[in-house]
Structure formats: C-alpha cells, structure tokens
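Engineer: Pasting in a structure now, in structure tokens, and then I'll have a few things to ask.
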Amino acid sequence: MLSKSDSLKIFTVVTVTAVIVFLFLSYDTLKKIPDQTNEQNITESVIRGKNIWESNNCMGCHTIFGEGAYYAPELTKVYVRRSEEFIKIFLKDPLAMYPGKRKMVKYDFSDGEIDDLIAFLKWCSEVDLNGFPAEPYLKKHIQPVVSGNLASDIAKPVIFDKLCLTCHILNGKGNRIEPAPNLDGIGNIRDKAFFEKWLRDPNAVKKGSLMPKFPLSESTILELSEFLSKQK
C-alpha cells in the first residue's frame, strides 16, 4: 500500500508531465497556425469581408469552419465548389440564381462589399483545416452517364462544373433547375455564335430569360461557347 508521501510524488510527477506535454502540444499547434491559415494572404479586403460577414450575421444561417447554423449551405469551400462569378451574381440577387426557390435575403451589397466578401471566402477556402470539410463519400464512386461527344469533355472549361452545372445537366452530372435545359446534344441545336451572344447577355437574346447575366471574361465566353457547340 502506498504511503501518503509516495502518492503525492506520483501525483506530482504525473501532473507535471501532463502539463509539459500539454504545453508542448499547444506550442506545436500554435507554431503551425500561420502556415495553415496562410496568414500572409489576409489582406485589407479579406478583413473587410470578415467584418461584413459578422455584421450581417451570416453565421445565423450558414456555417464556416464548421461553426454557425445549419439552415443554409456550409461555405468553407464555396469558392472552390462554385466560382467567383457564381458568388458575385448570387450575392447581387439570390433569387436570380434560383427563381422561386432560394429564400436568402437580398442585402443590396455594393460591388466593393461583394468583392470583399469574395476575398474573405477565397481566403477561407485556402485555410488548411486538416481535411475539413471532407469530400462526399460517394463522390469517387459515382460515374457519370455518358451520352455525347467524349472528345469534347477533354477540353471542358474548369468553370463549367462550378457554374453551369449549378442549373444544367450534362452527361448525367449537374443540378437541373427548371426551365434550364439539359445540355446533352445542345451542339446539334445551337452553334458557337449563338452561345457567344447568349453568354454575353441572355436577356438580349431571349426577353424574360431567367438565366442571369454572369460577369464572364471574353476569353471564358469563347471557351465555353466552343465547348458547348461540340456537345453533339
């Protein structure tokens, strides 16, 4: 049976050891924070975007870094999952992207405020969170249903999956939002010149079109038009 003095010694040694281990692990973690958070990328625009995020209580509906409410999508990787163009038009008018569906408040942000929010979301997407949020488990097991020109898929613009598949479907991938058409075989119906005009301003081609005018660069418009015209 241990004496009181022996018990005290064991308690003291274990406690001191635990404290030392805790302090070491804390130091090691804190030392990694600047690299994991890309501290050098925290610009004035990012800071303003964070202030806008907090002052408008975005976390009342969304989560970021796993913190917040769960009424609306998790936004830690939204910049990667969607695109700058998508976020910009969505923040200008949420209902324009999903007519009659989305219930997000239209905040009437200025262009500068939107740019700051995008800068903040871009920074968030680049933070190393040790694998959070995880990729959907079934994503790697899902194979697209191929129905079209395989060769055209090789030159698919990066922005296509992030922007166009938000409302359209191609080769079994995407999210069909009425009345957005299925894009399989769309190249048999329309040509490159049509797509160029359409992407510059859908409303100029078809009055009352529900598709918003995206802030796309001319090179992106040409790239998307070339790709879509080959879907036969």
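Engineer: For a protection proxy built on the mean count of beta-carbon atoms within 10 angstrom, sort 11-23, 82-94, 44-56 highest first, please.
Structural biologist: Details: 11-23: 10.0, 82-94: 18.5, 44-56: 15.5.
The densest-packed peptide leads the list: 82-94, 44-56, 11-23.
Engineer: Please compute the Kirkwood hydrodynamic radius over segment 39-126, one decimal place, Å, based on all pairs of different Cα atoms.
Structural biologist: This gives a value of 13.2 Å.
Engineer: For segment 99-129, which trypsin sites (Lys or Arg not before Pro) pass both filters: DSSP loop (anything but H, G, I, E, B) and at most 16 other C-beta atoms within 10 Å? All intermediate terms of the calculation are to be shown ahead of the outcome.
Structural biologist: Working: sites: Lys101, Arg102, Lys103, Lys106, Lys122; in loops: Lys101, Arg102, Lys103, Lys106.
Here the trypsin sites (Lys or Arg not before Pro) that fit, given the DSSP loop and packing criteria, are Lys101, Arg102, Lys103, Lys106.
Engineer: Explain nothing, just compute: Karplus ³J(HN,Hα) = 6.51 cos²θ - 1.76 cosθ + 1.60, θ = phi - 60°, for every residue of segment 6-19 in order, whole Hz, x for Gly and Pro.
Structural biologist: So the J values, rounded to whole Hz, are 5, 4, 5, 4, 4, 4, 5, 4, 5, 5, 4, 4, 4, 5.
Engineer: Something else: Under a GNM of the chain (C-alpha, springs under 10 Å), which listed residue has the highest mean-square fluctuation: Gly112, Gly187, Gly208?
Structural biologist: Maximum among the listed residues: Gly208.
Engineer: Which value, in nm² and rounded to one decimal, describes the direction-averaged projected area of the C-alpha convex hull of segment 161-208?
Structural biologist: Numbers: hull surface 14.5 nm².
Spelled out: convex hull of the Cα atoms, projected over all directions, averaged, 3.6 nm².
Engineer: How large is the helix-only mean residue ellipticity at 222 nm for the chain, computed as the sum of -39500 (n - 2.57) over DSSP H runs with n ≥ 4, divided by its residue count, in deg cm²/dmol to the nearest 500? Walk me through the intermediate numbers first.
Structural biologist: On the way: 11 runs with 114 residues, N = 232.
Counting only the DSSP helices, I get -14500 deg cm²/dmol.
Engineer: Each residue of segment 207-223 in turn: what ³J(HN,Hα) in whole Hz from Karplus with 6.51, -1.76, 1.60 and θ = phi - 60°, glycine and Pro shown as x?
Structural biologist: 4, x, 4, 7, 6, x, 8, 7, x, 8, 6, 4, 5, 5, 4, 5, 5
Engineer: Tell me the angle of helix 111-126 to the major Cα principal axis of the chain, expressed in degrees between 0 and 90 and rounded to the nearest ten.
Structural biologist: Value to nearest ten degrees: 60.
Engineer: Given the pairs Lys173/Lys232; Lys156/Lys230; Lys173/Lys213; Lys103/Lys197, which are separated by over 21 angstrom at their Cα positions?
Structural biologist: Working: Lys173/Lys232 16 Å; Lys156/Lys230 10 Å; Lys173/Lys213 23 Å; Lys103/Lys197 30 Å.
Long pairs (Cα-Cα over 21 Å): Lys173/Lys213; Lys103/Lys197.
Engineer: Got a sec to turn the phi values of segment 53-69 into Karplus ³J(HN,Hα) couplings, 6.51 cos²θ - 1.76 cosθ + 1.60 with θ = phi - 60°, whole Hz, x for Gly and Pro?
Structural biologist: 4, 6, 5, 9, 6, 4, 6, x, 10, 9, 10, 9, 6, x, 10, x, 9
Engineer: To continue, here is another question. Say each of Asp128 and Lys4 gets a label point 7 Å from the Cα, pointing the same way as Cα to Cβ; how far apart are those two points in nm?
Structural biologist: Inter-label distance under the simple model: 5.2 nm.
Engineer: Mind telling me which of Asn188, Asn130, Asn57 comes out most flexible in a GNM of the chain, alpha-carbon contacts under 10 Å?
Structural biologist: Asn130
Engineer: For segment 143-229, take N as its residue count and report Rg(C-alpha) divided by 2.2 N^0.38 Å. Let's see the in-between values first.
Structural biologist: Numbers: Rg = 12.3 Å, N = 87, 2.2 N^0.38 = 12.0 Å.
Compactness ratio reported: 1.03.
FYI, it's all coordinate maths here, none of it is from the lab. Keep in mind the model is a prediction, meaning the values are calculated, not measured. Note that we place each Cβ from the backbone using ideal geometry, even for glycine, and neighbour counts take in every protein chain shown.
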